[in-house]
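Here the structure comes first, spelled out in C-alpha cells, and everything after it is commentary.
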Amino acid sequence: MKRLLGVALGILTAIGGFVDIGDLVANAVVGSRFGLSLVWVVAVGVLGICLFANMSGRVAAVSNRATFEVIRERLGARAGLANLGASFFINLMTVIAEIGGICLALQLASSVSYLLWVPVATAAVWLVIWRVRFSIMENVAGLLGLSLIVFAVALFLLQPDWGSLAGQALAPHVPESETPATYWFYAVALFGAAMTPYEVFFFSSGAVEEGWTAKDLVLSRINVFVGFPLGGFLSVAIAGTAAVVLLPAGIEVSSLSEVVLPVVAGGGKIALAFALVGIVAATFGAALETTLSSGYTLAQFFGWSWGKFRRPAQAARFHLAMIICLLAGPSLLATGVDPILLTEYSVVFSAIALPLTYLPILIVANDQQYMGKHVNPRAVNILATIYLVIILAASLSAIPLMIMTGAGS
Amino acid sequence: MTRQRLPAPDTNGRSLDAQLHLLDRQIVDADGVPVTTVDDLELDSPVPGTPIEQGTPAPRIQALLTGPALVTRIFGGKPPASRLIRIPWSDVAGLGTIISLGVRANSLDASWVERWIRDHLIGKIPGGRHDPQ
C-alpha cells in the first residue's frame, strides 16, 4: 500500500512539475497563432525528454554519477567548460524567467506590481533551498502544480468543435496568416521548452539526492513514462484553450493575463483562482529546480561537495553559488526587462544547447564500467540516436530561424 | 650498432588510460565527500626537449593537480610550481569511476576554498549548520 502511494505521489509530482513558465508561454503563444497545428512537436519533445530523463536517472541510480560530472568526464575539460558556460547562462536566464513568472502570477492575483513581488519571491525561493528537505520541496510544488489541470477542464467547458481541433492536430499545416519560417521557429521553441536541459540536470541530481539505487529503477521509469506524458497533456491543454479563444479573436499573447484569459472564459473566477495557484506553484517549483540546477552544474563540473541532503555548511561553495545566482538574476528583473520576452528567448537558447547535454548521457549509458549490466538496450540506443539527429537539427536551425523571423514576430 | 628495443610495458595488473580514466574524474575523500576533480597530473618526467637516455624508467605519477592547473590545461602555459595545488599520489586509495582518497578532505590543501567559504560565509548564516527539514 505504501509502495503504491509512493508510485502515485511520484506520478502526480511529475505531472505537476512538468510545466514551467517556458511551457506556459510557448504553448499559449503557439495556440493563439497556430492553433493545434504544432501539437506534434509537444509529442516529439515529451517522448524525447522521457527517453533522456530516464537514461540520466538510470546512470545516476546505477553509477551514482550526476549528469554534469559525466559531461565533464566524457567531453574533457575544454569542451566541458564551454558546455558549462552555455548551460549555466541558459539556466540563469530560466531562473530569472521563472521568478518573473511567479511575480506576474502574483500580480494578477493581487494587483500589486510584479516588480514589488520580485524580492519576496526570490527570498522565498532561497529559504526553501536553504531549509526545506528535498522530498518535501518536490512533492508540495508538484502537487499544487496539479491545479493546472484547470486548463483541461476549461477546454471542456468552452465546448469547442472537437472535430476541427483534432483536424488541426492530426493534419498539421501552416496557417495562412503565418510563414513557414515562423512555423518552424515556434516548432524549435516548443521543442526547446519541452526538452530544457535543466530537467535532466535536476532529474539526475535528484536521483543522487534521494539516494536511488538500481532497485528504484522501476519506480523512476513509471514516474517518467506516465508522469511526463500527462504533464505534456497539460501543455497541450494550454495550447488548446488558446487555440479556441485567442486564435479566432486575434488576441496576441504578450503577458500572463492572455494566457489565463481562456480559463476565465471557460470556468469563470473559480477556474482563474485554480489557474493562478497552479501557475505560482509550477513556476515556483521550476524556480527551485533551475536555481538548484545552477548549483548542481557548477559543483559537478568543478568537483565540489553538493546536494541538499548535506547541511549547507557541508556544501558551502554549492550554496554560495546559488545565493550569488539568486542575487544576480532577479536584480536583472528590476531593470524592467519583460519576463515573457525573456522566457521566449530562453526556450530557443535551450534548443541550441540541447546536443551538448544529451550526447554525453547517451555515451555513458552505454559504458559498462559505469553501468554494469544496466547499459542501454539496443532499441533505446536506436531511438536515442534518431533523437540526437532531431536535436542537432533543431539546435543548428534555431539561430538562422531566429534571425529570419525576427524571433517569431 | 644494434638498436636496443624499449622494454615492453609491465602489463601486470590493470592498465589505465590517463586521459580516459584519470583526467576530469571526481575525487572523493575517505568519507565519500567530493573534494575536487583531477584537473591535471604531475609526472616525474624530464624537462620537455631534453634527450631521453636509454633505459630511463617510465615516468610515474607524482600527484593529482587541481586549482590553477585547470586554467593552464585549457588555455596553455604553466603556473609557478608554488601555485599548484597537489594531492600526492600516495593519498589515492582506490580507482573506479571516481578516485577515492585515503585521507579526509579537511587535511588537504585542495579543500581550503571550501573550508574558507564554510567558516566565513555559509556557516555564519542562520541555519547553515543544521540539517534541512
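Bear in mind these aren't lab numbers, they're just calculated from the coordinates by the rules spelled out. No experiment lies behind these values; they were computed from the predicted model shown. Backbone-built Cβ (ideal geometry, glycine too); neighbour counts: all protein chains shown.
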Quick one: Karplus J couplings for the range A:208-225, per residue in order, coefficients 6.51, -1.76, 1.60, θ = phi - 60°, nearest Hz, x for Gly and Pro?
6, 4, 8, x, 4, 10, 4, 5, 8, 5, 4, 4, 5, 5, 5, 3, 5, 7
What are the ³J(HN,Hα) values, in whole Hz, obtained from phi via the Karplus relation 6.51 cos²θ - 1.76 cosθ + 1.60 with θ = phi - 60°, for each residue of the range A:310-327 in sequence order, with x given for Gly and Pro?
9, 5, x, 5, 8, 9, 5, 5, 4, 6, 5, 4, 5, 4, 4, 4, 6, 7
Which ³J(HN,Hα) values in Hz, rounded to whole numbers, follow from the phi angles of the range B:30-41 under the Karplus curve 6.51 cos²θ - 1.76 cosθ + 1.60, where θ = phi - 60° and Gly and Pro get x?
4, 8, x, 7, x, 9, 6, 10, 6, 8, 6, 10
List the lysines whose alpha-carbon lies under 17 Å from that of A:Lys373, not counting same-chain residues fewer than 8 positions away?
A:Lys215
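For the range A:313-354, what class follows from the C-alpha gyration tensor (a ≥ b ≥ c being the square roots of its eigenvalues): rounded when a/c is under 1.5, otherwise prolate if a/b is larger than b/c, else oblate? Working shown, then result.
Working: a/c = 5.10, a/b = 1.52, b/c = 3.35.
Because a/c hits 1.5 or more and a/b fails to exceed b/c, the range A:313-354 counts as oblate.
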Do any GluC sites (Glu not before Pro) in the range A:233-340 lie in a loop, going by DSSP, with at most 13 other beta-carbon atoms within 10 Å of their beta carbon, and if so which?
A:Glu252
Protection proxy (average C-beta count within 10 Å per residue), highest first, orders B:62-70, A:382-390 as B:62-70, A:382-390
So what is the relative contact order for the range A:256-375, in percent, with contacts set as C-alpha pairs under 8 Å and at least six apart?
13
Which residues' amide hydrogens lie under 5 Å from the amide hydrogen of B:Thr37, considering only partners 5 or more residues apart or on another chain, with H built in the peptide plane?
B:Ile27
Can you tell me, using C-alpha contacts under 8 Å and at least 6 residues apart, the relative contact order of the range A:2-405 as a whole percent?
37
Acute angle (nearest 10 degrees) that the helix A:67-110 long axis makes with the longest principal axis of chain A, alpha-carbon atoms
40
Sequence neighbours fewer than 8 away in the same chain don't count; with that in mind, list the aspartates and glutamates whose C-alpha is under 15 Å from A:Lys308.
A:Glu138, A:Glu209, A:Glu210, A:Glu289, B:Asp131
Under a point spin-label approximation (7 Å from Cα along Cα-to-Cβ), what is the A:Ser164-A:Glu176 distance to one decimal in nm?
1.3
Whole-number D in µm² s⁻¹ for the range A:218-347, Kirkwood Cα-pair radius fed into Stokes-Einstein, 4 °C, 1.567 mPa s
73
Computed over the range A:2-405, Kirkwood Rh from alpha-carbon pairs, angstrom
21.0
Which whole-angstrom value gives the distance between the alpha carbon centres of the range A:333-398 and the range A:165-228?
10
Taking placed amide H atoms and a strict 5 Å upper bound, the residues 5 or more places from B:Ala93 or on another chain that come that close are B:Ser100, B:Leu101, B:Gly102
Note, A:Thr290: beta-carbon cut-off 9 Å, +1 each Lys/Arg, -1 each Asp/Glu, net -3
Please give me, ordered by residue number, the GluC sites (Glu not before Pro) of the range A:161-227 that lie in loop per DSSP and have at most 10 other Cβ atoms within 10 Å.
A:Glu176
From the Cα gyration tensor of the range A:53-181, with a ≥ b ≥ c the square roots of its eigenvalues, which class applies: rounded if a/c is under 1.5, or else prolate if a/b is larger than b/c, or else oblate?
oblate
For chain B, just say rounded, prolate or oblate: build the C-alpha gyration tensor, square-root its eigenvalues into a ≥ b ≥ c, call rounded for a/c under 1.5, and beyond that prolate if a/b exceeds b/c, oblate if not.
prolate
